[in-house]
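The values are calculated or read from the model by the stated rules, or taken from the named source; none is laboratory data. This structure is a prediction, so every number in the text was calculated from the model and none was measured. Here Cβ is always computed from backbone atoms with ideal geometry, including for glycine, and neighbour counts include all displayed protein chains. Accessible surface areas use protein heavy atoms only, side chains included; no ligands, DNA or RNA. Shrake-Rupley method; radii C 1.70, N 1.55, O 1.52, S 1.80 Å.
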Amino acid sequence: MTKTIGLICGSLRKNSYNRMIAESLTTLDDSAQYRWIEISSLPFFNEDLEADGSPESVAFFRAAIQDVDGVIIVSPEYNSGIPGVLKNALDWASRPRTSSVLNRKPVGLIGATPGGFGTAFAQMQTREVLEAMQVNVLPFQKMLISQVHEKIDSQQKVLTDESTKRYLQRYLQQFIHWIDQAPVPVPVLD
């Protein structure tokens, strides 16, 4: 059965390197279908908004996550941490706590940065947040892309580095295979 993978980019920048990396995923393995799950229209998380009935953009966002077999988050690192827009999106996706659309959902993490350390700090923080949400994050695999500006043709907005393409393809194949092995959802204990 063909898997459907949701792609979330943790950057809102028009020419985001991470969006270019996420776009490249759709060309590296045609055994799955890919859907963009956008976060740019989500309001800041606010329980008052939630109490009044979640905004339409939030409902659409949650439905998009619900409708995929797994999610890959491709995100930069800002100031050695998770981008605020991504954390905000995860906060919305975590609600309601007992029936979150991300509860036990298979999630993969990829990050790219012009710096030399990849996105190691942001990925550690994102894993911590996802663990608190009881999300199944692909274990033992890290996809950290450093010096991304040297691996992308910014004019064409495509990944050109063959070694990085191979690593991404292998990561993607492992993620797709792992979806069927991830633990099934269980009720959240309060």
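One residue stands out among those in the stretch 105-120 that are more than 19 Å from Y34 (Cβ to Cβ) and without any contact (Cβ under 8 Å) to a residue 60 or more places away in the chain: the one that is surrounded by the most Cβ atoms within 10 Å (Cβ to Cβ), which is T119. Within the stretch 76-104, the residues that satisfy the criterion of being open to solvent by 10 Å² or more (accessible area, probe 1.4 Å), farther than 17 Å from A63 by Cβ and aliphatic (A, V, I, L, M) are I82, V85. Hey, can you tell me all the residues within the stretch 154-165 that are farther than 11 Å from S24 by Cα, among the hydroxyl-bearing types (S, T, Y) and free of Cβ contacts under 8 Å to residues at least 24 places away in the same chain? The answer is S163, and nothing else. Here L12 passes the criteria (1) touching a Pro at 6+ places or on another chain (Cβ under 9 Å); (2) open to solvent by 60 Å² or more (accessible area, probe 1.4 Å); (3) closer than 30 Å to H177 by Cβ except the one numbered (3). Screening A89 with (1) assigned to a strand (DSSP E or B); (2) under 23 Å from S54 (Cβ atoms); (3) among the small types (G, A, S) gives one miss only, at (1). With a requirement of 1 or more residues that are among the aromatic types (F, W, Y), the helices (runs of 4 or more DSSP H) lying completely within the stretch 1-77 that satisfy it span 17-28, 56-66. In the stretch 166-179, the condition of being surrounded by fewer than 18 Cβ atoms within 10 Å (Cβ to Cβ), of a type in the set (D, E, K, R) and more than 12 Å from L25 (Cα to Cα) is met by no residue. Of all residues in the stretch 47-65, those satisfying the criterion of being within 22 Å of the chain's Cα centre (by Cα) and open to solvent by less than 80 Å² (accessible area, probe 1.4 Å) are S54, P55, S57, V58, A59, F61, R62, A63, A64, I65. If the condition is being of a type in the set (V, I, T) and open to solvent by less than 80 Å² (accessible area, probe 1.4 Å), then the stretch 15-46 contributes I21, T26, I37, I39.
When residues in the stretch 121-165 are screened for being open to solvent by 20 Å² or more (accessible area, probe 1.4 Å) and farther than 19 Å from M20 by Cα, 14 of them pass.
Total residues in the stretch 97-114 satisfying the condition of being part of a loop (DSSP other than H, G, I, E, B) and closer than 14 Å to I65 by Cβ: the figure is 6.
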